[in-house]
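S.K.: Sharing a structure here in structure tokens format.
Please treat every number below as a calculation from the coordinates, not as lab data. These numbers come from a predicted model, not from an experiment. As a convention, Cβ positions derive from the backbone with ideal geometry for all residues, glycine included, and neighbour counts pool all protein chains shown.
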């Protein structure tokens, strides 16, 4: 024998379902508006984003911030050699920047199977990679004659991954920074035989 459902109860369940759907839709709209506002403010400060595109369904892909070198390359303002040189500089810059985060020797465990802490071999390997990155970064800066504007342009765009507009105070300064960066990358791209810092 089938179960008899009270029509009033069925109506309450239907209304609750509609209420939940409406609340979820309102939350989605609020999140989308918040994301759009955040992206708009970041773009006003010079950040570049890939615009989300709809896939096969209703859901859009998330915004993805573009790094300075990627943005310049997509605009056709960098050659492949310049971009490769900038990526190498940036990899060494970011690796050397974590130099202060080498863990204390108190956290080191002599055996890799010991619980907690990092194994000694991993700490030494990390420290060695950081030292190599610092030395390679010093070589890059030496090739730029340690000229402050050239080094600063590479630090901001290649290392910090800012677009020229984000890194500069205005449009004119952004154009100047981009021009200086291109000169620096031309100098650095002359020697692409050495590996990335890792």
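S.K.: If you count, for each residue, the other Cβ atoms within 10 Å and average over each peptide, how do 66-72, 136-142, 35-41 line up from highest to lowest?
M.R.: Working: 66-72: 22.0, 136-142: 17.7, 35-41: 11.7.
Per-residue mean Cβ counts within 10 Å order the peptides as 66-72, 136-142, 35-41.
S.K.: Taking 0.36 nm per intervening residue step and subtracting the Cα-Cα distance, what contour gain separates residue 120 from residue 22 on full extension?
M.R.: Numbers: separation 98, 0.36 × 98 = 35.28 nm, distance 5.50 nm.
Here the answer is 29.8 nm.
S.K.: To continue, here is another question. Run through every distinct alpha carbon pair of region 121-198 and return the Kirkwood hydrodynamic radius in angstroms, one decimal place.
M.R.: Values: mean 1/r = 0.0733 Å⁻¹.
It is 13.6 Å.
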